[in-house]
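Only one structure is covered here, and it is reproduced in the block below.
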Amino acid sequence: MSTIDRRAFLAVSAGSVGLLGAIPLATPHRSRTSPRRPVIISSRNGMPAVTRAMERIRQGTDLLEAIVEGIGLVESDPNDMSVGYGGLPNEDGVVELDASVMHGPTHKSGAVAALQGIRNPARVALEVLRRTDHVLLVGAGALKFAKAVGFTEEDLLTDRARKAWLGWKASLSPHDDWLDAEQQVDTSGKASGGGPPPDVPFTDGTIHVSAVDPRGDMAACTSTSGLSYKLSGRVGDSPIVGAGMFVDNAVGAAGATGRGESVIQSAGAFQAVRHMAEGLEPTEACLKVLTWIADHTRRHDLVNDRGEPRFGVVMYALRADGLWGSATMRKGRTFTVHDGTEARSEPCAYLYE
Ligand code: ASP
């Protein structure tokens, strides 16, 4: 499908429909109060994070510190299997975490990738920003740094995540040596038969937060356990500055969740911020990045018979004046906004029905 045809699918949720570039998009989402109120946007799992970050900003805590503290709540939550402690592991059953942070006023960033054994990678990324002249530490080096600055190493694999990983291994192939639910031997004395196949969750998540404070300064952070059952050492977009998040303090902040390979290959967050610099509103900027990703997805196994990407990507964008937006590849996602008065879920604009 050509770009022009595909754009006919562009639609903006929340009751308005538009063609990118041809018909105006949704009414701008602006902070309903003063643009000098703090505004925080986040992925759909970000409600605790934006609530805590807003409390801290109001108490005068540094913006990036406030965001990282908020994200820490989600990273430490064993029930969020896409981030931090309790995140789904890689193919070897090891939890490997990625995170990045960026501080608008100093235009400095910090990141860690393939970090094992530390539940709050966003905070380690903040320490990389604060304490080093580097941007990105990976693997064993990132763990060594984290321990040196006082983080405690622990096993991040919860029982629930381990069982999910075992279920994934068992359902890989009927020809390997792991018996799936149908094949497993019942020694309990009850009738055998295996039971239903295990419900194997896959990560469809990551947490991103972008924020602007009352002075108009901006910051962003993205943290994830990455794609579940990924190859050991695989790094996604979340710790890549310009892909998983990016800030230009004079323009805006942006971030991404979803298929990291596609976001890296499109410099997703950087593109979104550049589109805002060129005058697009945040929702338009997000949709334009998604259109670019769709137009550059060439592998047949990644598109359906209409040529549309089979995978999900969600873009988030916040302009320095407090205008915000988010868009997803396919209808049906929400994101989180705290506009200085309340925290709430909002529907994402979308590229395809
Ligand atoms: N973006 C993350 C990654 O590719 C995964 C996700 O957001 O679902 O590592």
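The values are calculated or read from the model by the stated rules, or taken from the named source; none is laboratory data. Note that the coordinates shown come from a computational prediction; the quantities given were computed from them, not determined experimentally. Counting neighbours? That spans all protein chains shown, and the Cβs are built from the backbone with ideal geometry, glycine included. These area figures cover heavy atoms from the full protein model, side chains too; ligands, DNA and RNA do not enter into them. Shrake-Rupley method; radii C 1.70, N 1.55, O 1.52, S 1.80 Å.
Of note:
- For residue 236, the criteria (1) open to solvent by 30 Å² or more (accessible area, probe 1.4 Å); (2) within 16 Å of the ligand (Cβ to nearest atom); (3) not hydroxyl-bearing (Ser, Thr, Tyr) hold in every case but one, which is (1).
- Flag for residue 311 being surrounded by fewer than 23 Cβ atoms within 10 Å (Cβ to Cβ), of a type in the set (A, V, I, L, M, F, W, C), in a loop (DSSP other than H, G, I, E, B) and within 19 Å of the chain's Cα centre (by Cα): yes
- Output for region 248-261, where each listed residue is within 11 Å of the ligand (Cβ to nearest atom) and either of a type outside the set (Lys, Arg) or closer than 19 Å to residue 121 by Cβ (or both): 255, 256, 257, 258, 260, 261
- Just so you know, in region 54-73 the residues that are β-branched (Val, Ile, Thr) and either open to solvent by 10 Å² or more (accessible area, probe 1.4 Å) or part of a strand (DSSP E or B) (or both) include one that is farthest from residue 125 (Cα to Cα), and it is 57.
- Odd one out for residue 264 among (1) within 10 Å of the ligand (Cβ to nearest atom); (2) in contact with a strand residue (DSSP E or B) (Cβ under 6 Å, 6 or more places away or on another chain); (3) of a type in the set (Val, Ile, Thr): (2)
- Of the residues 218, 245, the single one that is open to solvent by less than 40 Å² (accessible area, probe 1.4 Å) and within 16 Å of the ligand (Cβ to nearest atom) is 245.
- Considering (1) modelled with pLDDT of 95 or more; (2) more than 16 Å from the ligand (Cβ to nearest atom), the lone condition that residue 301 does not fulfil carries the number (1).
- Restricting region 202-215 to residues that are surrounded by 20 or more Cβ atoms within 10 Å (Cβ to Cβ) and within 10 Å of the chain's Cα centre (by Cα) leaves a set whose member that is farthest from the ligand (Cβ to nearest atom) is 209.
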